[in-house]
There are 2 protein chains.
Amino acid sequence: MASDDDPVPDMRGVALVDVLRAVADPIRLRIVQTLADGRQHGKCGTHWNFGVHKSTMTHHFRILRQAGLTRTTVAGRTHAIELRRDELDARFPGLIAALIAEPGGRSHRSAVGDEAYGRHPR
Amino acid sequence: MASDDDPVPDMRGVALVDVLRAVADPIRLRIVQTLADGRQHGKCGTHWNFGVHKSTMTHHFRILRQAGLTRTTVAGRTHAIELRRDELDARFPGLIAALIAEPGGRSHRSAVGDEAYGRHPR
DNA sequence: CGAACTGTTGGATGTTCGTCATACCGTCAG
DNA sequence: CTGACGGTATGACGAACATCCAACAGTTCG
(Lines give C-alpha, C1' and ligand atoms only; values in the text may rest on other atoms or scores of the structure.)
Protein backbone atom coordinates (compact mmCIF):
# COMPACT_ATOMS: atom_id res chain seq x y z
CA MET A 1 0.00 0.00 0.00
CA ALA A 2 3.05 2.23 0.20
CA SER A 3 2.75 3.95 3.50
CA ASP A 4 3.13 7.64 3.78
CA ASP A 5 6.84 7.85 4.44
CA ASP A 6 8.14 5.10 2.22
CA PRO A 7 11.34 6.11 0.50
CA VAL A 8 9.77 5.21 -2.82
CA PRO A 9 6.39 3.57 -3.41
CA ASP A 10 6.17 0.33 -5.31
CA MET A 11 5.49 1.21 -8.93
CA ARG A 12 2.92 -1.57 -9.22
CA GLY A 13 0.77 0.25 -6.71
CA VAL A 14 0.89 3.53 -8.62
CA ALA A 15 -2.16 4.36 -10.69
CA LEU A 16 -2.06 6.47 -13.80
CA VAL A 17 -4.40 9.01 -12.33
CA ASP A 18 -2.05 9.52 -9.39
CA VAL A 19 0.85 10.27 -11.70
CA LEU A 20 -1.32 12.65 -13.66
CA ARG A 21 -2.44 14.47 -10.54
CA ALA A 22 1.18 14.84 -9.47
CA VAL A 23 2.16 16.26 -12.84
CA ALA A 24 -0.87 18.52 -13.25
CA ASP A 25 0.88 21.47 -11.67
CA PRO A 26 3.10 23.97 -13.51
CA ILE A 27 6.00 23.72 -11.11
CA ARG A 28 5.95 19.93 -10.78
CA LEU A 29 5.60 19.49 -14.53
CA ARG A 30 8.70 21.59 -15.11
CA ILE A 31 10.58 19.63 -12.48
CA VAL A 32 9.73 16.39 -14.25
CA GLN A 33 10.63 17.85 -17.62
CA THR A 34 13.99 18.95 -16.27
CA LEU A 35 14.60 15.65 -14.57
CA ALA A 36 13.90 13.84 -17.82
CA ASP A 37 17.49 14.35 -18.93
CA GLY A 38 18.29 11.33 -16.81
CA ARG A 39 20.79 13.06 -14.58
CA GLN A 40 20.49 13.82 -10.94
CA HIS A 41 19.65 17.32 -9.82
CA GLY A 42 19.99 19.05 -6.50
CA LYS A 43 16.99 20.37 -4.70
CA CYS A 44 18.37 23.82 -4.11
CA GLY A 45 18.24 27.25 -5.62
CA THR A 46 20.37 27.10 -8.72
CA HIS A 47 18.17 24.92 -10.92
CA TRP A 48 14.80 25.63 -9.46
CA ASN A 49 14.35 29.30 -9.14
CA PHE A 50 10.64 29.35 -9.37
CA GLY A 51 9.44 32.21 -7.28
CA VAL A 52 8.28 30.10 -4.40
CA HIS A 53 9.40 29.48 -0.87
CA LYS A 54 11.86 26.77 0.11
CA SER A 55 9.26 24.74 1.96
CA THR A 56 6.96 24.92 -1.01
CA MET A 57 9.61 23.16 -3.05
CA THR A 58 9.88 20.51 -0.36
CA HIS A 59 6.13 20.07 -0.67
CA HIS A 60 6.30 19.59 -4.45
CA PHE A 61 9.21 17.18 -4.17
CA ARG A 62 7.25 15.11 -1.70
CA ILE A 63 4.22 14.99 -3.97
CA LEU A 64 6.39 13.75 -6.82
CA ARG A 65 8.12 11.16 -4.68
CA GLN A 66 4.88 9.86 -3.17
CA ALA A 67 3.36 9.57 -6.63
CA GLY A 68 6.26 7.31 -7.59
CA LEU A 69 7.84 9.74 -10.02
CA THR A 70 11.13 10.51 -8.32
CA ARG A 71 13.75 9.02 -6.09
CA THR A 72 15.80 11.02 -3.61
CA THR A 73 19.32 10.23 -2.48
CA VAL A 74 20.90 12.00 0.41
CA ALA A 75 24.52 13.08 0.05
CA GLY A 76 25.80 14.96 3.03
CA ARG A 77 23.75 18.06 3.48
CA THR A 78 22.45 18.15 -0.05
CA HIS A 79 19.75 15.93 -1.48
CA ALA A 80 19.74 14.79 -5.07
CA ILE A 81 16.56 14.01 -6.94
CA GLU A 82 16.19 11.72 -9.91
CA LEU A 83 13.39 10.58 -12.19
CA ARG A 84 12.46 6.87 -11.99
CA ARG A 85 12.48 6.79 -15.76
CA ASP A 86 12.90 3.08 -16.40
CA GLU A 87 10.18 2.00 -14.02
CA LEU A 88 7.85 4.69 -15.25
CA ASP A 89 8.42 3.73 -18.88
CA ALA A 90 7.75 0.11 -18.02
CA ARG A 91 4.45 0.82 -16.34
CA PHE A 92 3.24 3.83 -18.35
CA PRO A 93 4.76 3.48 -21.81
CA GLY A 94 5.12 6.75 -23.64
CA LEU A 95 3.85 8.89 -20.83
CA ILE A 96 7.09 10.58 -19.83
CA ALA A 97 8.03 11.02 -23.45
CA ALA A 98 4.76 12.82 -24.01
CA LEU A 99 5.31 15.04 -21.00
CA ILE A 100 8.73 16.28 -22.01
CA ALA A 101 7.61 17.22 -25.51
CA GLU A 102 5.99 20.45 -24.45
CA PRO A 103 4.96 22.40 -27.51
CA GLY A 104 6.09 25.98 -27.63
CA GLY A 105 2.84 27.27 -29.09
CA ARG A 106 1.55 30.71 -28.30
CA SER A 107 0.33 30.01 -24.87
CA HIS A 108 -0.20 32.24 -21.91
CA ARG A 109 1.55 31.50 -18.65
CA SER A 110 5.11 32.08 -19.70
CA ALA A 111 8.19 30.47 -18.31
CA VAL A 112 9.72 30.40 -14.89
CA GLY A 113 11.38 33.69 -14.18
CA ASP A 114 8.06 35.39 -14.63
CA GLU A 115 5.76 36.01 -11.77
CA ALA A 116 2.26 34.60 -12.15
CA TYR A 117 3.13 31.52 -10.19
CA GLY A 118 2.10 32.84 -6.84
CA ARG A 119 -1.36 31.62 -6.20
CA HIS A 120 -1.27 33.16 -2.75
CA PRO A 121 0.78 36.33 -3.08
CA ARG A 122 -0.17 37.83 0.28
CA MET B 1 -7.46 33.38 -25.36
CA ALA B 2 -10.51 31.15 -25.67
CA SER B 3 -13.17 32.86 -23.66
CA ASP B 4 -15.12 30.98 -21.10
CA ASP B 5 -18.02 29.87 -23.23
CA ASP B 6 -16.32 29.15 -26.51
CA PRO B 7 -17.65 26.02 -28.14
CA VAL B 8 -14.12 24.67 -28.34
CA PRO B 9 -10.93 26.50 -27.44
CA ASP B 10 -8.21 26.93 -30.02
CA MET B 11 -5.79 24.06 -29.55
CA ARG B 12 -2.83 26.38 -29.95
CA GLY B 13 -3.85 28.13 -26.78
CA VAL B 14 -4.03 24.93 -24.78
CA ALA B 15 -1.08 24.22 -22.53
CA LEU B 16 0.03 20.76 -21.58
CA VAL B 17 -0.51 21.43 -17.93
CA ASP B 18 -4.13 22.34 -18.59
CA VAL B 19 -4.76 19.05 -20.34
CA LEU B 20 -3.08 17.21 -17.49
CA ARG B 21 -5.16 18.99 -14.89
CA ALA B 22 -8.30 18.07 -16.81
CA VAL B 23 -7.31 14.44 -16.99
CA ALA B 24 -6.04 14.16 -13.41
CA ASP B 25 -9.40 13.01 -12.10
CA PRO B 26 -10.63 9.41 -12.03
CA ILE B 27 -13.94 10.12 -13.72
CA ARG B 28 -12.57 12.41 -16.39
CA LEU B 29 -9.72 10.05 -17.14
CA ARG B 30 -12.17 7.22 -17.74
CA ILE B 31 -14.27 9.45 -19.95
CA VAL B 32 -11.25 10.24 -22.08
CA GLN B 33 -10.22 6.59 -22.19
CA THR B 34 -13.70 5.62 -23.32
CA LEU B 35 -13.84 8.41 -25.88
CA ALA B 36 -10.53 7.26 -27.30
CA ASP B 37 -12.31 4.71 -29.48
CA GLY B 38 -12.96 7.60 -31.85
CA ARG B 39 -16.72 7.27 -31.82
CA GLN B 40 -19.21 9.70 -30.46
CA HIS B 41 -20.85 9.00 -27.14
CA GLY B 42 -23.96 10.40 -25.52
CA LYS B 43 -23.74 12.23 -22.27
CA CYS B 44 -26.44 10.24 -20.58
CA GLY B 45 -26.82 7.37 -18.20
CA THR B 46 -26.07 4.25 -20.22
CA HIS B 47 -22.35 4.69 -20.74
CA TRP B 48 -21.45 6.77 -17.78
CA ASN B 49 -22.89 5.25 -14.72
CA PHE B 50 -20.38 6.54 -12.30
CA GLY B 51 -22.15 7.01 -9.05
CA VAL B 52 -22.41 10.75 -9.34
CA HIS B 53 -25.16 13.24 -9.89
CA LYS B 54 -26.28 14.43 -13.30
CA SER B 55 -24.99 17.94 -12.75
CA THR B 56 -21.63 16.58 -11.68
CA MET B 57 -21.28 14.92 -15.06
CA THR B 58 -22.12 18.21 -16.74
CA HIS B 59 -19.34 19.77 -14.67
CA HIS B 60 -16.80 17.15 -15.78
CA PHE B 61 -17.82 17.44 -19.41
CA ARG B 62 -17.35 21.18 -19.23
CA ILE B 63 -13.87 20.82 -17.73
CA LEU B 64 -12.89 18.50 -20.55
CA ARG B 65 -14.31 20.75 -23.22
CA GLN B 66 -12.73 23.89 -21.80
CA ALA B 67 -9.37 22.12 -21.62
CA GLY B 68 -9.66 21.43 -25.34
CA LEU B 69 -10.07 17.70 -25.01
CA THR B 70 -13.58 17.19 -26.32
CA ARG B 71 -16.09 18.58 -28.74
CA THR B 72 -19.82 18.52 -28.18
CA THR B 73 -22.44 18.38 -30.89
CA VAL B 74 -26.08 18.98 -30.13
CA ALA B 75 -28.63 16.73 -31.76
CA GLY B 76 -32.14 17.52 -30.72
CA ARG B 77 -32.39 17.05 -27.00
CA THR B 78 -29.37 14.78 -26.71
CA HIS B 79 -25.77 15.92 -26.81
CA ALA B 80 -22.96 13.84 -28.26
CA ILE B 81 -19.38 14.14 -27.05
CA GLU B 82 -16.26 13.32 -28.99
CA LEU B 83 -12.53 13.39 -28.40
CA ARG B 84 -10.53 15.89 -30.47
CA ARG B 85 -8.05 13.16 -31.22
CA ASP B 86 -6.35 14.50 -34.33
CA GLU B 87 -5.75 17.95 -32.93
CA LEU B 88 -4.56 16.54 -29.62
CA ASP B 89 -2.17 14.16 -31.34
CA ALA B 90 -0.81 17.01 -33.42
CA ARG B 91 -0.12 19.22 -30.45
CA PHE B 92 0.72 16.62 -27.78
CA PRO B 93 2.18 13.64 -29.62
CA GLY B 94 1.79 10.39 -27.77
CA LEU B 95 -0.13 11.84 -24.86
CA ILE B 96 -3.53 10.33 -25.59
CA ALA B 97 -1.93 7.04 -26.50
CA ALA B 98 -0.23 7.00 -23.13
CA LEU B 99 -3.46 7.79 -21.35
CA ILE B 100 -5.50 5.00 -22.88
CA ALA B 101 -2.87 2.37 -22.04
CA GLU B 102 -3.88 2.09 -18.43
CA PRO B 103 -2.00 -0.80 -16.87
CA GLY B 104 -4.09 -3.32 -15.02
CA GLY B 105 -1.63 -3.79 -12.20
CA ARG B 106 -2.76 -4.63 -8.71
CA SER B 107 -4.19 -1.29 -7.87
CA HIS B 108 -6.91 -0.10 -5.52
CA ARG B 109 -9.86 1.74 -6.89
CA SER B 110 -11.61 -0.80 -9.06
CA ALA B 111 -13.89 -0.06 -11.95
CA VAL B 112 -16.97 2.01 -12.22
CA GLY B 113 -19.81 0.20 -10.54
CA ASP B 114 -17.94 0.28 -7.28
CA GLU B 115 -18.38 3.02 -4.81
CA ALA B 116 -15.22 4.78 -3.72
CA TYR B 117 -15.76 7.54 -6.18
CA GLY B 118 -17.69 9.78 -3.90
CA ARG B 119 -15.33 12.24 -2.40
CA HIS B 120 -18.19 13.94 -0.67
CA PRO B 121 -20.60 11.19 0.41
CA ARG B 122 -22.71 13.33 2.72
C1' DC C 1 32.26 24.42 19.42
C1' DG C 2 29.57 27.53 16.68
C1' DA C 3 28.03 29.43 12.46
C1' DA C 4 26.49 28.92 7.83
C1' DC C 5 24.13 25.94 4.74
C1' DT C 6 20.45 22.61 3.16
C1' DG C 7 16.39 20.86 3.75
C1' DT C 8 12.17 19.28 6.60
C1' DT C 9 8.18 19.92 9.76
C1' DG C 10 4.12 21.94 11.49
C1' DG C 11 0.77 25.41 11.54
C1' DA C 12 -2.04 28.90 9.14
C1' DT C 13 -4.47 30.87 5.26
C1' DG C 14 -6.87 31.57 1.10
C1' DT C 15 -8.11 29.21 -3.21
C1' DT C 16 -9.62 25.61 -6.05
C1' DC C 17 -12.11 21.42 -6.68
C1' DG C 18 -15.70 17.68 -6.64
C1' DT C 19 -20.10 16.91 -5.20
C1' DC C 20 -25.03 17.49 -4.47
C1' DA C 21 -29.71 19.67 -4.72
C1' DT C 22 -32.81 22.59 -6.77
C1' DA C 23 -34.37 25.23 -10.30
C1' DC C 24 -34.40 26.10 -15.07
C1' DC C 25 -34.62 25.56 -20.31
C1' DG C 26 -35.06 23.35 -24.97
C1' DT C 27 -36.92 19.28 -27.44
C1' DC C 28 -39.95 15.66 -28.56
C1' DA C 29 -44.25 12.72 -27.99
C1' DG C 30 -48.99 12.43 -26.74
C1' DC D 1 -50.64 22.46 -25.07
C1' DT D 2 -48.67 19.66 -21.64
C1' DG D 3 -45.76 16.57 -19.77
C1' DA D 4 -41.57 13.69 -19.86
C1' DC D 5 -36.79 13.73 -21.04
C1' DG D 6 -31.87 15.42 -21.53
C1' DG D 7 -28.99 18.58 -20.10
C1' DT D 8 -27.45 23.17 -18.01
C1' DA D 9 -27.05 26.95 -14.28
C1' DT D 10 -26.53 28.35 -9.77
C1' DG D 11 -25.45 28.08 -5.04
C1' DA D 12 -23.73 25.72 -1.12
C1' DC D 13 -20.43 22.82 1.41
C1' DG D 14 -16.42 20.27 2.77
C1' DA D 15 -12.03 18.35 1.33
C1' DA D 16 -7.83 18.97 -0.90
C1' DC D 17 -4.32 22.04 -2.40
C1' DA D 18 -0.51 25.61 -2.98
C1' DT D 19 1.62 28.85 -0.54
C1' DC D 20 4.02 31.22 3.20
C1' DC D 21 6.31 31.65 7.72
C1' DA D 22 8.79 30.23 11.71
C1' DA D 23 11.10 26.74 13.97
C1' DC D 24 13.82 22.84 13.82
C1' DA D 25 17.45 19.24 12.47
C1' DG D 26 21.61 17.23 10.13
C1' DT D 27 26.24 18.60 7.79
C1' DT D 28 30.22 20.94 6.79
C1' DC D 29 33.69 24.20 7.75
C1' DG D 30 36.30 27.87 10.20
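Relative contact order of region B:13-100: 35 percent, from C-alpha pairs under 8 Å at least 6 residues apart in sequence.
Surface exposure of region B:13-100, expressed per residue as accessible area with a 1.4 Å probe, stands at 47 Å². Residues of region B:13-47 that bury at least 20 Å² of accessible area once all protein chains are present, compared with their chain alone (1.4 Å probe, heavy atoms only, ligands and nucleic acids left out), are B:Gly13, B:Ala15, B:Leu16, B:Val17, B:Asp18, B:Leu20, B:Arg21, B:Ala24, B:Pro26, B:Leu29.
Measuring with a 1.4 angstrom probe and ignoring ligands and nucleic acids, B:Cys44 comes out at about 100 Å² accessible.
List the distances, in nm and shortest first, from the label point of B:Gln40 to the matching label points in every other copy, placing each point 7 Å from Cα along the Cα-to-Cβ direction. Computed spacing set for this position: 5.6 nm. Its convex hull of Cα atoms gives region B:13-100 a direction-averaged projected area, equal to a quarter of the hull surface, of 5.6 nm².
If you stretched the chain out fully between B:Arg85 and B:Thr73, how much longer would it get, using 0.36 nm times the residue separation minus the C-alpha to C-alpha distance?
Result: 2.8 nm gained on full extension.
Using a probe of 1.4 Å, the accessible surface attributed to A:Glu102 totals some 80 Å² when neighbouring protein chains are kept in position. When chains A and B come together, the accessible area they lose, probed at 1.4 Å and totalled over both chains, is close to 2300 Å². Label-to-label distances for B:Asp86 across copies, nearest first, come out at 4.1 nm, using points 7 Å from Cα in the beta-carbon direction.
The values are calculated or read from the model by the stated rules, or taken from the named source; none is laboratory data. Here the structure is a predicted model, which means the values were calculated and not measured. Heads up, the Cβs are rebuilt from the backbone with ideal geometry, glycines too, and the neighbour counts pull from every protein chain shown. Ligands, DNA and RNA are stripped out before the accessible areas are found, and what is left, the full protein with its side chains, is counted by its heavy atoms. Shrake-Rupley method; radii C 1.70, N 1.55, O 1.52, S 1.80 Å.
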